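The values are calculated or read from the model by the stated rules, or taken from the named source; none is laboratory data. All figures in this text were calculated on a predicted structure; none of them were measured in a lab. A quick note on method: Cβ atoms are made from the backbone with ideal geometry, for glycine too, and the neighbour counts reach across all protein chains shown.
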């Protein structure tokens, strides 16, 4: 029996089945675009990386208390590949999951998830309300303001960058570039 390989349409339909919040859907699209951008940059499977980015917070709206574990259950019920499931669950490592990110894909999702939120917040306070003219320097200026985008866990971003062996400024630039690819779709054009 052939293994089921989810398509982007499968992932997006599933995301919309469990999420109605525009901000959560936009976050999923931002993470998807950033994952695809980084997969391309590293010669990895852009489709797989994008799909995992798209569904990483599948359970967050309806099951916030069971974040990651409910997604694992939902994906297993639908026969998703175990490497996709593991990658999704690993993004909550140390917060709501004991699954440590080990692959480049897993480490990347872990590192950029919170950072897309911070970049989004930084774009929204600009006069342009856009990611198109946002720079890493602007994001770094907001980095140390504790009250700014307080939900974006800077220590997780730092730990992720360290796991990947990349400079935070380079990671910020990559997230900005990835999010620019869907800026119009996520309201940051």
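The set of residues in region 147-168 being more than 21 Å from residue 94 (Cα to Cα) and either in a helix (DSSP H, G or I) or touching a helix residue (DSSP H, G or I) at 6+ places or on another chain (Cβ under 9 Å) (or both) consists of 148, 167.
For residue 40, the conditions (1) in a loop (DSSP other than H, G, I, E, B); (2) without any contact (Cβ under 8 Å) to a residue 12 or more places away in the chain are fulfilled apart from (1). Out of region 132-168, which residues are exposed (fewer than 14 other Cβ atoms within 10 Å of the Cβ) and within 16 Å of residue 110 (Cα to Cα)? Matches in region 132-168: 151, 155, 162, 165, 167. Hey, among 134, 164, 115, 105, which residue is more than 23 Å from residue 48 (Cβ to Cβ) and either under 16 Å from the mean Cα position of the chain (by Cα) or modelled with pLDDT of 95 or more (or both)? One residue alone meets the criteria, 134. Touching a residue at least 40 places away in the same chain (Cβ under 8 Å), surrounded by 17 or more Cβ atoms within 10 Å (Cβ to Cβ) and either assigned to a helix (DSSP H, G or I) or more than 18 Å from the chain's Cα centre (by Cα) (or both): is that true of residue 171 in this structure? Spelling it out, residue 171 is indeed touching a residue at least 40 places away in the same chain (Cβ under 8 Å), surrounded by 17 or more Cβ atoms within 10 Å (Cβ to Cβ) and either assigned to a helix (DSSP H, G or I) or more than 18 Å from the chain's Cα centre (by Cα) (or both). The sole residue among 23, 69, 82 that is at negative phi, surrounded by fewer than 23 Cβ atoms within 10 Å (Cβ to Cβ), over 15 Å from the mean Cα position of the chain (by Cα) and free of Cβ contacts under 8 Å to residues at least 24 places away in the same chain is 82. Residues of region 100-109 that are crowded, with 19+ Cβ neighbours inside 10 Å and farther than 24 Å from residue 132 by Cα: 101, 105, 106, 107. Criterion applied to 27, 91 was being within 19 Å of residue 172 (Cβ to Cβ) and in contact with a strand residue (DSSP E or B) (Cβ under 8 Å, 6 or more places away or on another chain), and the one residue passing it is 91.
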